[in-house]
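Below is one structure, written out as structure tokens; the observations come after it.
The values are calculated or read from the model by the stated rules, or taken from the named source; none is laboratory data. This is a predicted model, so every value here is computed, not measured. Please note: Cβ atoms are built from the backbone with ideal geometry, for glycine as well, and neighbour counts cover all protein chains shown. For the accessible areas, the whole protein counts, side chains as well, though only heavy atoms, and no ligand, DNA or RNA atoms are used. Shrake-Rupley method; radii C 1.70, N 1.55, O 1.52, S 1.80 Å.
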Amino acid sequence: MQSVPRLITNFIPNLYNLSLTLDRPGRTFNGIVTINGTLQPGNESIVLHAKGLTIESVTINGKQSEFATSDNDELHLTHPGINAGPQIIVIAYSGIITDAMHGLYPCYFEHEGTKKELLATQFESHHAREVFPCIDEPEAKAEFDVTLTTEPGITVLGNMPIKSQTVENDLLVTTFDRTPRMSTYLLAWVTGELHRKTAKTNRNIEVNVWATPAQSPASLDFALDIAVRSIEFYEEYFDTEYPLPKSDHVALPDFSSGAMENWGLITYREIALLADPETTSISSRQYIATVIAHELAHQWFGNLVTMKWWNNLWLNESFATIMEYIAIDSIHPEWNMWLEFSTNESIVALRRDSIDGVQPVQTDVNHPDEISTLFDGAIVYAKGARLLRMLQHFVGNADFQSGLKAYFKEFAYNNTEADDLWNAIAKSSGKDIQKLMNTWISQPGYPVLSASMDGSDITLSQRQFFVGPHAKSNRLWPIPLNSPCSEMPELMNEKQISVMRHHTTPLRFNVGDSAHFITHYDDQLMQRLLDEVESGNLPVLDRVQLLDETILLARGGVLPSAALLPLIRAYKNETSEHVWTMLHATIGELKKFVEYDKASETKLRQLSAEIATNEYRRLGWTAQDNESEDDTKLRSTILSMMLYSEQPEVIKQAQNIYNNTPISEIDAELRPLIISAATRHGEGKIVDDLLQIYRDSTSGELRQDISVGVTSTRIPEKITELLELIQDSSVIRPQDVARWFVYLIRGRESRDQAWTWIQDNWQWIEKTFSGDKSYDDYPRYGASALTTRKQLDEYKSFFMPKLIDVALTRTITMGISEIEGRAELIERDGPSVLKALLDL
């Protein structure tokens, strides 16, 4: 695709003075922006970004100037005699407020029977240009003076504290303090009816959590505590003070992403910030805590120090992801965050990164339409975080932390590239970090390390691991082996090595799951590990890792999928909640083989009950006094496995709870399961009742639980009704559409209808989401659920003509590989899995 020129090479802004009048009822805004900056030598005109704006007048240095728009959202400004050097540009313009959840948009809510709205901004990645002319590139850092004129009687929030606020001509005029140097995508404001809880850090930084009046004051407390403690943790960990005088956290009713790190004014989905002290589940509190810690990490990684261009997006997102675990592990050590890391980030990274065509962590970006494709949570967030975890383990936390401290001191308020960070950590550790890390971030995929034993000789070899069709690869990686065996080298750079071993303890690699590779042990080495599992001697994290890696090896054809069955039984005495999460996933891995074979499916259901029954008897359906949080979370996993067994007494108990307990009072840990069981085994009226509760509720968590449960219906007419409801924004908010779609397409009974729906309604999806980060969710989630050759052909026929859309190209290409790989796997391993199940 044609590269878009970088406008900062033409004009460098220093200061924006932005004055906007927001006409919320009229859905318009009017603005005047004054830009102080420098025209670079060799240029005779100034080029800015502007999109969808009506430009009314332009002056440059007090002289009327001509202006014209062109492709690539460019606004060209000219007047005779303009020379390189300092310039003062004044632009008067207007724009339209639309429902697209980027630029400036409304958020809808209802309070005490009255429909109300907030106005909010979302400028990442390149949407500031939709609200004011600017150089909309991360390297174009500048200071901002912002004045907003709004309706009176509302809260007005910006990046900085309010400098002055007056009422003029029945309008509220709010002027904010000047911001520090920052990128345009971090500028933000929120206006409307809000309430807050407030606290201060130990260094007197004001921290506020805001929500609409539809949300209870008590739901703000948990987030406030996490935000204060996270800021205090980061200030100490980075040895760098939080750069602003306040930190606002705002729960928005409508928000496309989970959250956005606007400097000093972080915005969230309500479900990612608000926690009811009585009903919010442990899992949801952990999610909220990590989201807050992630966004606050960005106040340093991304905001204080910013990538020069979007190819280094991972400098923001990978670091914020690893830091959320480091921070919350310190704040809540009882949560075992590194086990959470291995059962979340590690799994999604390894599965996505095994498909041919996946992007590397660091990816070239030549056009703004490509930027949204970078926000692949499995790669730029999860894989990048695994690589940084690998680096932290490789150099040690002390040197890792020292390098970060030096990095912030050297590059505060500036822009960086990867080598700037590697150099800082190389200086603190004395190790060649650049050579190690650049290979990992620039290459897609990861290696499988094959380990075989012949007497005392251990042979290790590496090759790129793939699931599904793939081109030949000769890529090699410097692999940190992380083995407790002292004879093993620290790094393996070669394709193959041999090592003489003098110990008899079971051989392991990647201990602590701290590097981005998987290991294929030969039969005798694997048997020794399974013996350790059965005897209870293998640590929890290693037990999790062994299950996940075996699933991957089966997907990639390195092992037969039937090998998962004896592996599951080796874990029959398991007690860890995190390991049970992986056992549940292992049962789930086998479900695709038995969908069309009733006898084998019955055997798999029996196996699920067989391994879960002891824990089911121990835990029951009701939380015990003073039980551990792990047991509270484990109960939902065990009950899910028992409900899958379809034992009548288990289903009846779930139905009894549903029928005799108000939805809002069902244990939040179990509520999605209970609703799903009632819906799946009940009448259509249950769907109707749940949808009414969904319409009436203001609780993000309850609404999410209902969406999980109600999409479990087996009734074709109700599935059709749910799919039709997706386009009704008065019921299902656009921010939630992808979630409803993925639940429906992944359900066996609803898959075909959901797949037909996406094809029939693609024009609506394109119109509604094409400018949004969620746009490629639809071909991605579609591919994640399709399993047959017929569906593969349909996917190709429908999506291949859309490959010309750069926002979808990679996702579609990978989707084809993913479906083809799944179909091949079922054809290859299906007969042996069915036989093994029948032989149980």
Next on the checklist: Within region 462-497, take every residue that is of a type in the set (D, E) and within 18 Å of A515 (Cβ to Cβ) and give me the one that is modelled with the highest pLDDT.
Outcome noted: E494
Checklist entry - Going through region 243-298 one residue at a time, which ones are part of a loop (DSSP other than H, G, I, E, B) and open to solvent by 20 Å² or more (accessible area, probe 1.4 Å)? => result P243, P245, S256, S257, G258, L274, D276, P277, E278, T279
Next on the checklist: aliphatic (A, V, I, L, M), over 30 Å from T788 (Cα atoms) and buried (at least 19 other Cβ atoms within 10 Å of the Cβ): is that true of A385 in this structure?
Outcome noted: yes
Item to check | From the options A214, A223, A218, A199, residue that is in a loop (DSSP other than H, G, I, E, B) and either in contact with a Lys or Arg (Cβ under 8 Å, 6 or more places away or on another chain) or open to solvent by less than 70 Å² (accessible area, probe 1.4 Å) (or both) | outcome: A214
Item to check | Scan of region 78-107 for residues that are hydrophobic (A, V, I, L, M, F, W, C), closer than 16 Å to G31 by Cβ and part of a strand (DSSP E or B), ordered by number | outcome: I89, V90, I91, A92, I96, L104
Checklist entry - Just wondering, is there one or more residues in region 141-153 that are among the hydrophobic types (A, V, I, L, M, F, W, C) and either under 28 Å from the mean Cα position of the chain (by Cα) or open to solvent by 60 Å² or more (accessible area, probe 1.4 Å) (or both)? => result no
Item to check | Looking only at region 459-481, and only at residues there that are open to solvent by less than 30 Å² (accessible area, probe 1.4 Å) and not in a strand (DSSP E or B), the one that is farthest from I433 (Cα to Cα) | outcome: G468
Item to check | Candidate set: region 75-105, residues that are under 31 Å from the mean Cα position of the chain (by Cα) and surrounded by fewer than 18 Cβ atoms within 10 Å (Cβ to Cβ); chosen: the one nearest to N14 (Cα to Cα) | outcome: I96
Checklist outcome for this item: Cβ pairs under 8 Å, 6+ apart or interchain, first in region 499-520 and more than 24 Å from A563 (Cβ to Cβ) and in contact (Cβ under 8 Å) with a residue 24 or more places away in the chain, second assigned to a loop (DSSP other than H, G, I, E, B) and acidic (D, E), ordered by first then second residue, are V499/E487; M500/E487; R501/E487; H502/E487
Next on the checklist: Please pick out the residue among V380, V348 that is assigned to a helix (DSSP H, G or I), β-branched (V, I, T) and open to solvent by less than 20 Å² (accessible area, probe 1.4 Å).
Outcome noted: V380
Item to check | Hits in region 620-648 - residues which are part of a helix (DSSP H, G or I) and open to solvent by 10 Å² or more (accessible area, probe 1.4 Å) | outcome: E629, D630, D631, T632, K633, S636, T637, S640, L643, Y644, P648
Checklist entry - Name the residues in region 670-710 that are under 19 Å from S283 (Cβ atoms), at pLDDT 95 or above and outside any helix (DSSP H, G or I), would you? => result L670
Checklist entry - Which residues, counting only those in region 601-619, are open to solvent by 30 Å² or more (accessible area, probe 1.4 Å), of a type in the set (S, T, Y) and within 22 Å of K835 (Cα to Cα)? => result T602
Checklist entry - Restricting attention to region 756-774, which residues are part of a helix (DSSP H, G or I) and open to solvent by 10 Å² or more (accessible area, probe 1.4 Å)? => result T756, W757, Q759, D760, W762, Q763, W764, E766, K767, T768, K773, S774
Checklist entry - Regarding T179, is this residue more than 23 Å from the chain's Cα centre (by Cα) and outside any loop (DSSP other than H, G, I, E, B)? => result no
Checklist entry - Looking at region 711-732, which of its residues are open to solvent by less than 60 Å² (accessible area, probe 1.4 Å), of a type outside the set (D, E, K, R) and not in a loop (DSSP other than H, G, I, E, B)? => result I719, T720, L722, L723, L725
Checklist outcome for this item: Going through region 331-366 in order, the residues found to be more than 15 Å from F517 (Cα to Cα) and small (G, A, S) are G357
Next on the checklist: Against the condition touching a residue at least 40 places away in the same chain (Cβ under 8 Å), assigned to a helix (DSSP H, G or I) and either surrounded by fewer than 21 Cβ atoms within 10 Å (Cβ to Cβ) or of a type in the set (S, T, Y) (or both), how does S664 come out, does it pass?
Outcome noted: yes
